[in-house]
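Chemist: The structure that follows is given in the form of structure tokens.
Computed from the coordinates by the stated procedures, all read-outs in this text should not be read as laboratory data. Quick caveat: nothing in here was measured; it's all calculated off a predicted structure. Cβ placement follows ideal geometry from the backbone for every residue including glycine, while neighbour counts extend to all protein chains displayed.
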Amino acid sequence: MQENNAVEEAEVLENTEKEEEKTADENKKGGFFSKKDKPHKKEIEQLKAENAELQDKFLRLYSEFDNYRKRTQKEKLDIIKNASEGLIVSLLPVLDDMERAVQYAAKPDVATAAILEGEQLILQKIKGLLKQKGLAPIETENAKFDVDFHEAVSIVPSPSEEEKGLILEEVEKGYTLNDKVIRFSKVVIYQ
């Protein structure tokens, strides 16, 4: 058995040496590429050129996308920055009216009823503008306490079972903007 293994090892070594000699002879004759490998050399060069072209396209596309991303971020910031511009512009006439009312009230011979009437008109103008922008007050009169719209600031013992959970008084008015609560109504409730 040992003789068989030794013979097999000798044959493997012989075959390996022959293959190495063959490869060395081929390399001496035509360099790394033999004549039959010349067409492959052209293909490799062509593939390298395609690879370079694709890398260039990729870099240009990446740069274009990066510029697009930066531009959209800037536009978003501008929109956020100027979001209240429309509301402020629509409130400017109300501001003018309020300034005129203050100037008129400063006169010594002005009646209080006229000042009150002017302030009521200005208040109605402001409410109208805000309503157009989607602002709505949260109703609390004869309403049950709802944690989605109200905040209890105080609790009063209920005189009867039917009044439990009802709102007794509104301390601060709450508002919704386009059906989203932006300020909860602060209320006193029966418990």
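Chemist: Highest mean first, what order results for 41-49, 145-153 on Cβ atoms within 10 Å? The partial results should precede the final answer.
Modeler: Working: 41-49: 10.1, 145-153: 14.4.
Descending packing order for the listed peptides: 145-153, 41-49.
Chemist: Cβ neighbours within 10 Å, averaged per peptide: list 184-190, 110-116 in order, most packed at the top.
Modeler: Values: 184-190: 19.7, 110-116: 10.4.
Highest-to-lowest ranking by the protection proxy: 184-190, 110-116.
Chemist: Would you please give the residues with an amide H less than 5 Å from that of GLY174, counting only those at least 5 places away or on a separate chain, with H modeled from the backbone geometry?
Modeler: Placed amide hydrogens put ILE138, SER185, LYS186 under 5 Å from GLY174.
Chemist: Express in whole angstrom the spacing between the alpha-carbon centres of segment 111-125 and segment 143-191.
Modeler: The two parts, judged by their Cα centres, are 30 Å apart.
Chemist: If you don't mind, there's one more thing I want to ask. Applying the Karplus parametrisation 6.51 cos²θ - 1.76 cosθ + 1.60 with θ = phi - 60° to the phi angles of segment 71-78, what ³J(HN,Hα) value in whole Hz is obtained for each residue in order, glycine and proline being reported as x?
Modeler: Coupling constants for segment 71-78: 5, 5, 4, 5, 5, 4, 4, 5 Hz.
Chemist: Same structure, new question: As a quick test, which of the pairs LYS57/LYS81; LYS127/LYS180; LYS125/LYS186; LYS81/LYS180; LYS133/LYS186; LYS74/LYS186 have an alpha carbon distance above 29 angstrom in this structure? Mind dumping the intermediate values first?
Modeler: Numbers: LYS57/LYS81 36 Å; LYS127/LYS180 18 Å; LYS125/LYS186 25 Å; LYS81/LYS180 21 Å; LYS133/LYS186 23 Å; LYS74/LYS186 39 Å.
Beyond 29 Å between Cα atoms: LYS57/LYS81; LYS74/LYS186.
Chemist: Just name one of ALA101, LEU77, VAL89: the one whose Cα is farthest towards the positive end of the charge dipole of segment 67-107 (beta-carbon charges, Lys/Arg +1, Asp/Glu -1).
Modeler: Towards the positive end, the residue furthest out is LEU77.
Chemist: Which FRET efficiency value, to the nearest 0.05, do you get for THR72 and ASP97 by plugging their Cβ-Cβ distance into 1/(1 + (r/R0)^6) with R0 = 30 Å?
Modeler: Values: r = 40 Å, r/R0 = 1.33.
Plugging the Cβ-Cβ distance into 1/(1 + (r/R0)^6) gives 0.15.
Chemist: Just add up the charged neighbours of TYR104: K/R +1, D/E -1, any other residue whose Cβ is under 13 Å from the Cβ of TYR104.
Modeler: Working: positive: ARG100, LYS107; negative: ASP96, ASP97, GLU99, ASP109, GLU117, GLU119.
Net of charged neighbours comes to -4.
Chemist: Using alpha carbons only, what's the Rg to Rh ratio of segment 136-191 with Rh from Kirkwood?
Modeler: Values: Rg = 11.1 Å, Rh = 11.2 Å.
Looking at segment 136-191, the ratio lands at 0.99.
Chemist: Next up: Under the rule a/c < 1.5 gives rounded, and otherwise a/b versus b/c splits prolate from oblate, where does segment 42-191 land using the Cα gyration tensor? Don't skip to the answer; put the middle values down first.
Modeler: Numbers: a/c = 6.39, a/b = 1.92, b/c = 3.32.
Because a/c hits 1.5 or more and a/b fails to exceed b/c, segment 42-191 counts as oblate.
Chemist: Once phi is turned into θ = phi - 60°, what whole-Hz ³J(HN,Hα) does the Karplus curve with 6.51, -1.76 and 1.60 give for every residue of segment 146-157, x standing for Gly and Pro?
Modeler: 10, 5, 6, 10, 10, 10, 7, 9, 7, 10, 10, x
Chemist: Something else: Please list 55-61, 97-103 highest first by mean number of surrounding beta-carbon atoms within 10 Å per residue. Intermediate results must be reported in sequence, preceding the final value.
Modeler: Numbers: 55-61: 10.0, 97-103: 13.3.
By packing density, highest mean first, the sequence is 97-103, 55-61.
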